[in-house]
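Participant: Shown below is the structure under consideration.
The values are calculated or read from the model by the stated rules, or taken from the named source; none is laboratory data. Computed from a predicted structure; not experimentally measured. Don't worry about glycine lacking a Cβ; one is built from the backbone with ideal geometry, like all the others, and counts go over all protein chains shown.
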2 protein chains.
Amino acid sequence: MYYIGIDLGGTDIKCGVVDYDGNILYKASAPTPASDSPENIVFEMAQLVSRVIESSGVEKGDIQSIGIGSPGSCDSKNGVLLYANNINFDRVPLRTLMQQHIDLPVFIGNDANCAAWGEYCMMEKKCPNMVFITLGTGVGGGAVINGRLYEGFNGAAMEVGHITLMRSGKKCTCGRRGCYEAYASVSALKEMTLSYIDENPESPLGKKYKDCKSSVTGKTAFDAAREGDDGGAQIVSRWTGLVAEGLVDIINLLQPELLLIGGGISREGDFLLNPIKEYVSKYIYNCGNLPQTRIEIAAHQNDAGLIGAAFLGR
Amino acid sequence: MYYIGIDLGGTDIKCGVVDYDGNILYKASAPTPASDSPENIVFEMAQLVSRVIESSGVEKGDIQSIGIGSPGSCDSKNGVLLYANNINFDRVPLRTLMQQHIDLPVFIGNDANCAAWGEYCMMEKKCPNMVFITLGTGVGGGAVINGRLYEGFNGAAMEVGHITLMRSGKKCTCGRRGCYEAYASVSALKEMTLSYIDENPESPLGKKYKDCKSSVTGKTAFDAAREGDDGGAQIVSRWTGLVAEGLVDIINLLQPELLLIGGGISREGDFLLNPIKEYVSKYIYNCGNLPQTRIEIAAHQNDAGLIGAAFLGR
C-alpha cells in the first residue's frame, strides 16, 4: 500500500509517494502558483501527483489516499482549508476540488501538525504524548495526544508561536505584542545578530559582517560561537534562553513525554539543545523530581511534513 | 451506585457521597491536620469517609469507589501522590494507605483536574475538549481532551498558573519570574488594589480603605467599579486584561471548545466575563472567522472538585 503526501508551501509544493513504513519512493516539487486562485493551485497539485505516481513506478491502483499538509487552519473532517493568509485561502474545499482531478480519498491537515504526525509515525518507540515545534521564519508546532494528532475543536490548535513571552513587548505579525515567535523565531535570531553587529562594529562579528549584512543568517551567531567568539556566544545564549522560556510554558501546560525541535536551525544539534535543556530543567514548574519531558532534535526534518501528510490516510 | 469524593485541601478536607448523576447526598468537612504525616492525614480522611457514609444513609455495599482530589501532581495509574508542597507530600502511596482503612477501589487526581472533570461530567451537553481554570490564591487548571481528563505523561499537566506573561517580570512562587499566576491570581488583584490605595489616598477607594487595608479583598475593586468608581474600574480593567492575556495563550495552544472560569471571584459573573471576552476576541490568533472558544463561568464551583474526584471512579 502506498500513500501520496503533499507539503503545500507558500513557495513550493512538494509531493511524494510514501510506503507503509514511511519510505519515500519518489518525490518532486513545483513552484506554488503565486497569488493565484485555489482552483489553479489544486490543479498544479493534481498535475504533480500524476507525475510523481508515474515516476515512482507504483501502480495507480495501489495508491490508498492523498494527504495534503497546508499552512493555516483545517477542518480535517470535512476536508476544508479554513484559512491560510500566506496563500490567500479562505474556506477552500480542498478535498472536493482535488477529487475533481483524482478519484482517491483526500485528507488535509495543517503543515506543522503534519510534521508532528510524521515525526510521530516514524518513531521506533512511540511516545503517545509528544509536541513538535519548528523554528523558522516563525515558530510553528503540533501535538500528538494519546496517540492522535491534536487539532483542537476548530482545527487551529498548537499555534505555539502565539503564546506570550513578554506582555506589551515586540509587535508580532498576528497583531498581538510579545508573542513567542517575535523572540524565538530564526528571524528574531537574525535580527539579534544584526543589532549586535550594529552596536559592536569593532567586535570580530562586527568587523566580519558590517559591510555585508545581507549575508547574515540565523546560523551566523552559532558559527561564531563555535569558533569561540564571545559575541556569538552571547547571542546564542540569549536566543536559546528565549526559545527555552516558551518551551517551559508548553511543558508546564502539556507535560508531553517528548518535545521535538525541528527547522533548519536544529542542525546545530547539541549546541542548540544543551543550553535549552539546562534552562528548561532550571525553570520548569517544580513538581518534585517527577519524570521530565525529553527534549530532542526532530529526526526526519524536511520530510516529516510530507510523510505526515501521506500518513493522514494510513 | 454511589461514589465517595474527597477534596483534600491545605486547610480542610471535604468529603461527600455522590450518586451517579452527580447529586451530593451528604457532605462534611474536617480540618486538615497541620504539618502532619501523610499517615495521619489519610487516617483523618478515612474517619471522615466513614462518618459521611453513615450520615448519608447509603449502604456501604452500594459505594463503588473513593476518589481523592489533592493539590500537587499525581501518578493516577498507581494511586501515588507524587508531590504537593503545601501539604508536604512527597511520593505518598495514597491508594495503598487509604485501603489499609477502607476496602474500596481508590482513585486519585490533582484538585484542579478533578474540578475540571467534575464540571465536564456535570455538563448537560458535553464538550469533549474543554479547559477549566480557577482564579484564587494561585491560578490552577485542568483540561478534558477527547472526553478524557488530560494529565500529561507524568500527571503534572495544566499548570496554567505557570506560563509566562512577562519574561523577567514579577517573581513567582515557583522560582521563575513573570508567571501568569503572579499577575492573574486573586492575590495579585488584591495587591493591585492595595497599591492603588497607597498611591491614591485621596481617591474614594483610598479614603475608604487606607485605614483598614486588612479588609481589602479581591472583591474590593469589583465592588467599587460596580458603584461607578473610576479607580475600581481601572483596577478591574487592568486585571481582567491580564487574566485574558493568559487565556489567549491557552486558547492559541489548545483551542478548546469551552473554557470555564472558576474560583470565588467568578461570582462577579458578566462583570468579570465581558471584558475578558472582549480582550480575547481582539487578541486571539487570527484564523479567519473560525469558530471560537466559548468562555463561561464554571457552573458547579465549590462542589466541582468533590464531584470530579468522586467521578474518577465512575
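Participant: A:LEU258 is checked against (1) within 14 Å of chain B (Cβ to nearest Cβ); (2) within 23 Å of B:SER168 (Cβ to Cβ); (3) touching a residue at least 40 places away in the same chain (Cβ under 8 Å) and fails just one. What number does that condition carry?
Facilitator: Looking at each condition in turn, A:LEU258 falls short on (2).
Participant: State whether one or more residues within the stretch B:231-242 are in contact with a Gly (Cβ under 8 Å, 6 or more places away or on another chain) and either under 26 Å from B:PRO128 (Cβ atoms) or in a strand (DSSP E or B) (or both).
Facilitator: Step one: list which residues in the stretch B:231-242 are in contact with a Gly (Cβ under 8 Å, 6 or more places away or on another chain), which gives B:231.
Cutting the leftovers down to either under 26 Å from B:PRO128 (Cβ atoms) or in a strand (DSSP E or B) (or both) gives us none.
No; the residues of the stretch B:231-242 include none that is in contact with a Gly (Cβ under 8 Å, 6 or more places away or on another chain) and either under 26 Å from B:PRO128 (Cβ atoms) or in a strand (DSSP E or B) (or both).
Participant: Right, next: Quick one: in the stretch A:165-209, which of the residues that are charged (D, E, K, R) and within 12 Å of A:ILE235 (Cα to Cα) is farthest from the chain's Cα centre (by Cα)? Explain how you work it out, then say what you get.
Facilitator: Taking the stretch A:165-209 first, the residues charged (D, E, K, R) are A:167, A:170-171, A:176-177, A:181, A:190-191, A:198-199, A:202, A:207-208.
Then keep just the ones that are within 12 Å of A:ILE235 (Cα to Cα); that gives A:190-191.
Numbers: A:LYS190: 18, A:GLU191: 20 Å.
Looking at the filtered set, the residue picked out is A:GLU191.
Participant: Right, something else. Which members of the stretch B:87-129 meet the condition of being charged (D, E, K, R) and over 14 Å from the mean Cα position of the chain (by Cα)? Steps first, please.
Facilitator: Within the stretch B:87-129, the first condition is being charged (D, E, K, R), and the residues that meet it are B:90-91, B:95, B:103, B:111, B:119, B:124-126.
Correct list: B:ASP90, B:ARG91, B:ARG95, B:ASP103, B:GLU124, B:LYS125, B:LYS126.
Participant: If you go through the stretch A:226-254, how many residues are within 9 Å of chain B (Cβ to nearest Cβ) and out of contact with any Phe, Trp or Tyr (no Cβ under 6 Å at 6 or more places or on another chain)?
Facilitator: Here the count works out to 6.
Participant: Restricting to the stretch B:229-262, give me the number of residues that are crowded, with 23+ Cβ neighbours inside 10 Å and of a type outside the set (A, V, I, L, M).
Facilitator: Result for the stretch B:229-262: 9.
Participant: Related question: Select, from A:VAL18, A:VAL58, A:VAL92, the only residue that is closer than 24 Å to A:HIS300 by Cα and buried (at least 22 other Cβ atoms within 10 Å of the Cβ).
Facilitator: Working: A:VAL58 fails: buried (at least 22 other Cβ atoms within 10 Å of the Cβ); A:VAL92 fails: closer than 24 Å to A:HIS300 by Cα.
That would be A:VAL18, the only listed residue that is closer than 24 Å to A:HIS300 by Cα and buried (at least 22 other Cβ atoms within 10 Å of the Cβ).
Participant: Further, regarding this structure: Could you list, in sequence order, the residues of the stretch B:274-295 that are touching a strand residue (DSSP E or B) at 6+ places or on another chain (Cβ under 6 Å) and either buried (at least 16 other Cβ atoms within 10 Å of the Cβ) or assigned to a loop (DSSP other than H, G, I, E, B) (or both)?
Facilitator: Pass one, the stretch B:274-295, residues touching a strand residue (DSSP E or B) at 6+ places or on another chain (Cβ under 6 Å): B:277, B:287-288, B:290, B:293-295.
B:LYS277, B:CYS287, B:GLY288, B:LEU290, B:THR293, B:ILE295, listed by residue number.
Participant: Another one. Restricting the search to the stretch B:61-79, which residues are buried (at least 18 other Cβ atoms within 10 Å of the Cβ), more than 23 Å from B:THR11 (Cβ to Cβ) and within 14 Å of another protein chain (Cβ to nearest Cβ)?
Facilitator: Selection gives B:ASP75, B:SER76.
Participant: Tell me which strands (runs of 3 or more DSSP E) are completely within the stretch B:84-173 and hold 2 or more residues being facing another protein chain (nearest Cβ under 8 Å), or say none if there are none. Write out each step before concluding.
Facilitator: Values: elements: B:89-92, B:106-110, B:130-135, B:139-145, B:148-150.
Per the criteria, B:89-92, B:148-150.
Participant: Could you pull out the residue among A:ILE53, A:ILE4, A:ILE41, A:ILE13 that is in contact (Cβ under 8 Å) with a residue 60 or more places away in the chain, surrounded by 15 or more Cβ atoms within 10 Å (Cβ to Cβ), of a type outside the set (D, E, K, R) and touching a strand residue (DSSP E or B) at 6+ places or on another chain (Cβ under 8 Å)? Steps first, answer last, please.
Facilitator: On the way: A:ILE53 fails: in contact (Cβ under 8 Å) with a residue 60 or more places away in the chain; A:ILE41 fails: in contact (Cβ under 8 Å) with a residue 60 or more places away in the chain; A:ILE13 fails: in contact (Cβ under 8 Å) with a residue 60 or more places away in the chain.
One residue alone meets the criteria, A:ILE4.
Participant: May I pose another question? In the stretch B:181-200, how many are touching a strand residue (DSSP E or B) at 6+ places or on another chain (Cβ under 6 Å) and part of a helix (DSSP H, G or I)? Talk me through it step by step, then tell me what you get.
Facilitator: First, the residues of the stretch B:181-200 that are touching a strand residue (DSSP E or B) at 6+ places or on another chain (Cβ under 6 Å): B:181, B:184-186.
Okay, now just the ones that are also part of a helix (DSSP H, G or I), so B:181, B:184, B:186.
Going through the stretch B:181-200 one residue at a time, the tally reaches 3.
Participant: Could I ask something else about it? Within the group A:GLY118, A:GLY138, which residue is modelled with pLDDT under 95 and of a type in the set (Gly, Ala, Ser)?
Facilitator: The match here is A:GLY138.
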